[in-house]
1. I'd like to know if the range 80-93 contains one or more residues that are of a type outside the set (Ser, Thr, Tyr), assigned to a loop (DSSP other than H, G, I, E, B) and closer than 29 Å to GLN1 by Cβ.
2. If you check LEU80, LEU98, which single one turns out to be in contact (Cβ under 8 Å) with a residue 12 or more places away in the chain and surrounded by 21 or more Cβ atoms within 10 Å (Cβ to Cβ)?
3. In this structure, is ALA24 among the hydrophobic types (A, V, I, L, M, F, W, C) and surrounded by fewer than 21 Cβ atoms within 10 Å (Cβ to Cβ)?
4. What's the number of the only condition in (1) over 10 Å from the mean Cα position of the chain (by Cα); (2) open to solvent by 50 Å² or more (accessible area, probe 1.4 Å) that LEU47 fails to meet?
5. Given the criterion free of Cβ contacts under 8 Å to residues at least 12 places away in the same chain, open to solvent by less than 60 Å² (accessible area, probe 1.4 Å) and not in a strand (DSSP E or B), identify the matching residue among GLY42, GLY55.
6. Out of everything in the range 58-73 that is part of a strand (DSSP E or B) and of a type outside the set (D, E, K, R), what residue ends up being nearest to SER30 (Cα to Cα)?
7. If I ask for residues that are surrounded by 13 or more Cβ atoms within 10 Å (Cβ to Cβ) and not in a loop (DSSP other than H, G, I, E, B), which ones from the range 27-39 would you list?
Amino acid sequence: QVQLVESGGGLVQPGGSLRLSCAASRSLSSINDMEWYRQAPGKQRELVASVHSSGTTNYAGSVKGRFAISRDNAKNTVYLQMNSLKPEDTAVYYCRALDFGVWGQGTQVTVSS
């Protein structure tokens, strides 16, 4: 099993940047697919980005070119670098270990002036 803890959320102005972290309780080398999701108030949870152990990444169209997902197996941590943030990026962001079907507790990101 694995536990995930997200951090790095907060309040940022439009156009700003944040980096989210997702720390895993076991070696990331044992987890093939790591994902970031987000859920805005009144909306369904949506997949934002994913990274495979091979390094292959995928992004939702709404964040492509602005967000970057990465994984550091030595630190057992997955990151989501978010640039050029927009108010519509406001949501609770969750990481997920697809292989285990496990979610973190989420971290709030608010983009507002």
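1. Initial filter on the range 80-93 (of a type outside the set (Ser, Thr, Tyr)): 80-83, 85-89, 91-92.
Those left that are additionally assigned to a loop (DSSP other than H, G, I, E, B): 83, 85-86.
With the extra rule that they be closer than 29 Å to GLN1 by Cβ, the set shrinks to none.
Checked the range 80-93: no residue is of a type outside the set (Ser, Thr, Tyr), assigned to a loop (DSSP other than H, G, I, E, B) and closer than 29 Å to GLN1 by Cβ.
2. That would be LEU80, the only listed residue that is in contact (Cβ under 8 Å) with a residue 12 or more places away in the chain and surrounded by 21 or more Cβ atoms within 10 Å (Cβ to Cβ).
3. Numbers: among the hydrophobic types (A, V, I, L, M, F, W, C): yes; surrounded by fewer than 21 Cβ atoms within 10 Å (Cβ to Cβ): no.
So ALA24 fails the test.
4. The failed condition is (1).
5. Working: GLY42 fails: open to solvent by less than 60 Å² (accessible area, probe 1.4 Å).
It is GLY55.
6. As a first pass, look at the range 58-73 and keep what is part of a strand (DSSP E or B): 58-59, 67-72.
Now drop any that are not of a type outside the set (D, E, K, R), which leaves 58-59, 67-70.
Working: ASN58: 20, TYR59: 22, PHE67: 25, ALA68: 22, ILE69: 18, SER70: 16 Å.
Per the stated criteria, the residue is SER70.
7. At the first step, the residues of the range 27-39 found to be surrounded by 13 or more Cβ atoms within 10 Å (Cβ to Cβ) are 28, 30-39.
Correct list: LEU28, SER30, ASP33, MET34, GLU35, TRP36, TYR37, ARG38, GLN39.
The values are calculated or read from the model by the stated rules, or taken from the named source; none is laboratory data. None of these values were measured; they are calculated from a predicted model. Neighbour counts are summed over all protein chains in view; Cβ atoms, including those assigned to glycine, are modelled from backbone coordinates with ideal geometry. Side chains included, ligands, DNA and RNA excluded: accessible areas come from the protein's heavy atoms. Shrake-Rupley method; radii C 1.70, N 1.55, O 1.52, S 1.80 Å.
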